[in-house]
1. With the range B:257-331 as the region, which strands (runs of 3 or more DSSP E) entirely inside it contain at least 2 residues that are within 19 Å of the chain's Cα centre (by Cα)?
2. Pull up the range B:195-252, narrow it to residues that are among the aromatic types (Phe, Trp, Tyr) and more than 30 Å from B:Leu11 (Cβ to Cβ), then point me to the one that is nearest to the other protein chains (Cβ to nearest Cβ).
3. Answer yes or no as to whether B:Ser237 is more than 29 Å from B:Leu282 (Cα to Cα), assigned to a strand (DSSP E or B) and small (Gly, Ala, Ser).
4. When you look at B:Lys148, is it farther than 30 Å from B:Leu330 by Cα, among the basic types (Lys, Arg) and either within 21 Å of the chain's Cα centre (by Cα) or surrounded by 24 or more Cβ atoms within 10 Å (Cβ to Cβ) (or both), yes or no?
5. Could you tell me whether A:Lys97 is surrounded by fewer than 17 Cβ atoms within 10 Å (Cβ to Cβ) and in contact with an Asp or Glu (Cβ under 9 Å, 6 or more places away or on another chain)?
6. Going by what's in this entry, would B:Ala244 be described as within 20 Å of the chain's Cα centre (by Cα) and crowded, with 16+ Cβ neighbours inside 10 Å?
7. Inside the range B:279-306, can you point out the residues that are more than 20 Å from B:Gly229 (Cα to Cα) and either at the interface with chain A (Cβ under 9 Å from one of its Cβ atoms) or surrounded by fewer than 21 Cβ atoms within 10 Å (Cβ to Cβ) (or both)?
8. Of (1) on the phi < 0 side of the Ramachandran plot; (2) within 11 Å of another protein chain (Cβ to nearest Cβ); (3) in contact with a strand residue (DSSP E or B) (Cβ under 6 Å, 6 or more places away or on another chain), B:Tyr271 satisfies all except one. Which?
Amino acid sequence: MNSENQYTVYAIGDSAITFDMGNIISEELNNKVMAMADWLRKNPFEGLKDLITAYGSVTVVYDAPAIHVKYKLQTTVFEFVRQNLYSAYQSSSVVEKTNDLVRIPVCYDLSFGYDLEFVANDKRLTIDDIIRLHTERTYRVYMIGFLPGFAYMAKTDERLTVSRKKVPRQVVDAGSVGLAGNQTGIYPLNSPGGWQIIGRTPVALFVKDNEKFSLLKPGNYVEFYPITLNEYERISQPEN
Amino acid sequence: MSILIIKPGVLDTLQDLGRFGGGTYGLNPGGTMDRYASVIANMLTGNDINEAVLEIHFPGPQILFKHDALICITGADFKPTLNDEPLPGWQPVLIRKNTILQFSGKKQGSSIYLAVHGGFGGMQQWLNSYSTNLKAGLGGWQGKKLQKGDELSFRESTNDLSRLFRSESNFQLLPWRPDVAQMYSHPEDILFIRGNEFEALTGESKDNLLKSAFRVHPSSDRMGYQLKGKSLFRGDSYELLSSAVHFGTIQLLPNGQLIVLMADHQTTGGYPRIGHVISAHLPKFAQLSPGSSLRFTPVDIEAAEQLLFSQHQQLQILQRACSDHLNSYLC
């Protein structure tokens, strides 16, 4: 772990606080983020409403009036929650565990990969190069955000590093696989979006009517493998 | 016991106080835009404050009451009428069956809350909330905004309401109403807490943020209110990874304009967080209409908390009063 005090704590309004350990993509940091969130789930304080984990930060969403009444505080509620986050930082330990590997089929057909040609031109690669570079790595799911079940995965091969589209698309289809910076991600639902789209998976990332609605979890590892249009159609057919 | 949507409004959805606990999986909380108004609508009808209410935007729906009902309308003023007679808001009211509620014009505000005594039935909670998540197509009424022909039942009420009518009129107001003037006074003065990226603004941009006026842009919706004002600039070009945002977060967009994230905001974002509208001012901020002008004034976290706590305390007093009044009225 980083040396002492490698963090900042700041308010996200008067009902949420972020404990930020760095604006970088690092497995070590993200393991600590997950450990802190686990610790807070096991040691919740009254009024804790939600946790949002990101690459290097944990955010606690809380009910300030409930905490104020419950704990009869002499300090601000902000200070109380800050102390709890600090306890989580001090007390949580990263447990080495074998995280699940999820293999996801992607059809890199031009009809799905709206931006394949743009990325190929921009990066001076062939489309086969893009497919090879995208499928030969194992990615880590660092966080789920933006949409329910949208996994931010990193890091992609440097040769695939691209910026987001200047003007976001109005509708990106569910299942679209995109690139942004050195991240890759999959749109779980139809949504506006600015990532460069290189393919589509027939696998549902957002599972309707399911308490565990997100296929992917922070800490999962993901590998992509290429499939043809026919295979895409076959997998996306409902059973029977 | 039910109401029937004869003609849908532009965006009528069922909402409660939001869906929490799925933040790690990117689940946005949703919920009512004006929490204060929705809570009071429930209090005045004798419901739990987290009961699902119908959130209505303008143009509103036409609603047929198929049975007698005890309801309350709070929030914006869209000139509600019952069989063409003006119907006052912010007051519990008995509605006679076979009458039609509609909204004849946008006078003030952005969202209306309709609560019915006993709550709406015939819905399943999804992850402990009735809030409609339109993107996921889940929660609320079949995950959708209301359509023509949708019929929303009430959870069975034990009280026979027809005996309470004292005349032949279509509606009968219950004789108490809260004073909410203070909550919505000076809607143009919005207090905020400085965000983590506030200091990234140039000196001139900080001045412009604090000293100039902003207007709510027509493209505003439940996800965010876009503001139009002087362009603001950052002194650096530091790229941010996505991290948490919240209801009220003021983000700086790449075009130099601001957006304030609202009830349907995403859980995370990558734009600089210039500030956060304080919770105590979110209700009046949520009721601003496109074209409304506002100014931002910074406060510290302690002041923001104090305002929130005193609001909370007033609501608790109001809840006890509503409950006492209603119990004696229904007896």
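The values are calculated or read from the model by the stated rules, or taken from the named source; none is laboratory data. Just so it is clear, the model here is predicted, and its values are computed rather than measured. Please note: Cβ atoms are built from the backbone with ideal geometry, for glycine as well, and neighbour counts cover all protein chains shown.
1. Fully inside the range B:257-331 and qualifying: B:258-261, B:273-277.
2. Looking at the filtered set, the residue picked out is B:Tyr238.
3. It is false that B:Ser237 is more than 29 Å from B:Leu282 (Cα to Cα), assigned to a strand (DSSP E or B) and small (Gly, Ala, Ser).
4. no
5. Criteria not met by A:Lys97.
6. Against the criterion (within 20 Å of the chain's Cα centre (by Cα) and crowded, with 16+ Cβ neighbours inside 10 Å), B:Ala244 does not qualify.
7. Matches in the range B:279-306: B:Ser279, B:Ala280, B:Val299, B:Asp300, B:Ile301, B:Glu302, B:Ala303, B:Ala304, B:Glu305, B:Gln306.
8. (2)
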